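Participant: Please see the structure below; I have some questions.
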Amino acid sequence: MTIKFKKSYRFALKSASYIALFAAALVAGLMQFFYEINWQFILLLTISLFFFSFFVLQYRVEHFIYRRVKKIYDDISLLESSTFRNKSITTDMATLTRELEKYARDKKREIETLKIEEEYRREFVGNVSHELKTPLFTVQGYILTLLDGAMNDKTLRKKYLQRAEKGVERLIYIVQDLDMITKMEVGDLNLSYSEFNIVDVVQSVFDLLEMKADKKSIMLMFDQKYIKPITVYADRDKIQQVITNLVVNSIKYGSDDGTTEVGIEDLVNNKIIVRVKDNGEGIERRHIPRLFERFYRVDRSGARAEGGSGLGLAIVKHIIEGHDEKLYVESEHGKGSEFSFTLEKTK
């Protein structure tokens with residue numbers, strides 16, 4: 001660290017002036033008491049004493065402050081080397097105060113961020129353990145029942161093995177989604193861009209989820225008939241996964257005998273927006289900022305009863321952001337929700 005003294009002599013000037021004036025008054029009083037007053041001598045003494053006091057005070061105070069300020073810088077540098085490394089040391093109190101106040105504000109923000117991240121970490125670990133232990137205990141229960149003698153009954157054996165298989169499938173689904181989103185968060189998205197008709201992709205998702213929707217008598221539909229193809233430039237498989245996750249969510253949280261409607265609209269700057277709308281239970285406003293967090297559920301008990309990994313919306317978020325596109329959500333509790341995202345349209 002290099003010394004950089006701020007040339008602020010106010011303290012030394014005032015102190016030297018007080019010393020010189022006091023000495024002049026003292027000498028004048030003594031001379032008047034014992035001898036005749038010699039004004040030339042008093043003036044010379046005053047000036048000499050003023051300059052001597054000024055330089056001594058300025059030098060001593062600056063070095064006194066510097067040694068202590070340097071220790072403060074060194075102590076702080078141990079905590080935050082990136083902030084104070086290679087910074088010149090200043091003995092100007094205003095500058096030092098500003099730097100320390102800025103450092104304190106930065107540390108406060110950092111501590112608050114760490115507290116939020118720690119809370120998120122605890123919640124995430126709790127959610128992961130809950131999501132994994134439910135199917136694990138299910139599989140374990142059926143296997144133990146079979147080992148206790150139920151496997152001698154062919155009907156029960158087949159029934160319990162099928163249920164255990166479903167538990168294993170859910171475990172695999174959770175682990176695969178967790179592995180996928182972990183890769184996405186470190187930037188390993190591996191997008192493969194191509195031109196494709198987004199209408200065909202939506203229709204294929206409808207065909208895939210038709211039976212799931214029929215169980216709740218939910219109708220999957222377009223908002224209008226799209227005769228001409230709407231060609232976009234993106235990763236077809238990833239966008240199909242986005243639409244699948246959004247439609248699955250609309251079925252999961254949709255009302256019986258309801259609808260899931262998909263609309264595609266043109267936007268400015270060669271963009272389109274895909275909307276997935278349902279008339280289900282909707283989402284309370286307080287939940288919306290956290291919807292795209294991993295394992296976050298609006299209705300924890302009800303959502304888990306519906307199955308799924310709890311990672312669908314988080315995956316949607318990472319895929320859309322990986323395309324440098326925008327994701328939106330609008331919802332009114334009791335009336336339904338609409339999730340939408342933009343895509344680049346081919347010319």
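Read-outs: derived from the displayed coordinates by stated rules, not from any lab. As the structure is a prediction and not an experimental result, all values here were calculated from the model. Glycine also receives a Cβ, built like all others from the backbone with ideal geometry; neighbour counts cover every protein chain displayed.
Participant: If I stretch the segment between Leu191 and Glu321 completely, what's the gain in nm (0.36 nm per residue apart, minus their alpha carbon distance), one decimal? Write out the running numbers ahead of the final one.
Facilitator: Numbers: separation 130, 0.36 × 130 = 46.80 nm, distance 1.15 nm.
So the chain would gain 45.7 nm between Leu191 and Glu321.
Participant: When the chain is fully extended, how far beyond the present Cα-Cα distance does Tyr328 get from Leu136, taking 0.36 nm per residue of separation?
Facilitator: Working: separation 192, 0.36 × 192 = 69.12 nm, distance 3.50 nm.
Additional length available on full extension: 65.6 nm.
Participant: At 7 Å along the Cα-to-beta-carbon direction for both Asp237 and Val175, put a label point, then send me their distance in nm to one decimal.
Facilitator: 2.0 nm
Participant: Calculate the FRET efficiency for Ile227 and Leu267 from the Cβ-Cβ distance with a Förster distance of 25 Å, rounded to the nearest 0.05.
Facilitator: Details: r = 20 Å, r/R0 = 0.81.
Taking R0 as 25 Å, the efficiency between Ile227 and Leu267 is 0.80.
Participant: Amide H of Leu220 versus every other amide H placed in the peptide plane: which residues, excluding those fewer than 5 positions away on the same chain, fall under 5 Å?
Facilitator: Close amide H contacts, sequence-distant or interchain: Thr260.
Participant: First measure r as the distance between the Cβ atoms of Arg105 and Ser15, then evaluate 1/(1 + (r/R0)^6) with R0 = 41 Å and state the FRET efficiency to the nearest 0.05.
Facilitator: 0.75
Participant: Please list, in order along segment 246-260, the HN-Hα scalar couplings obtained from phi with the Karplus expression 6.51 cos²θ - 1.76 cosθ + 1.60 (θ = phi - 60°), rounded to whole Hz, x for Gly and Pro.
Facilitator: Here the 3J(HN,Hα) series is 5, 5, 4, 4, 5, 6, 4, 9, x, 7, 4, 6, x, 9, 10 Hz.
Participant: Using only the alpha carbons of segment 193-344, determine the length spanned along each of the three principal axes and report them from longest to shortest in whole angstroms.
Facilitator: That works out to 41, 29, 24 Å along the principal axes.
Participant: Here is a follow-up. Checking the table Lys158/Lys183; Lys133/Lys252; Lys133/Lys317; Lys108/Lys133; Lys115/Lys271; Lys183/Lys225 against a 28 Å threshold on Cα-Cα, which pairs fail?
Facilitator: Working: Lys158/Lys183 37 Å; Lys133/Lys252 22 Å; Lys133/Lys317 26 Å; Lys108/Lys133 37 Å; Lys115/Lys271 39 Å; Lys183/Lys225 37 Å.
Over 28 Å Cα-Cα: Lys158/Lys183; Lys108/Lys133; Lys115/Lys271; Lys183/Lys225.
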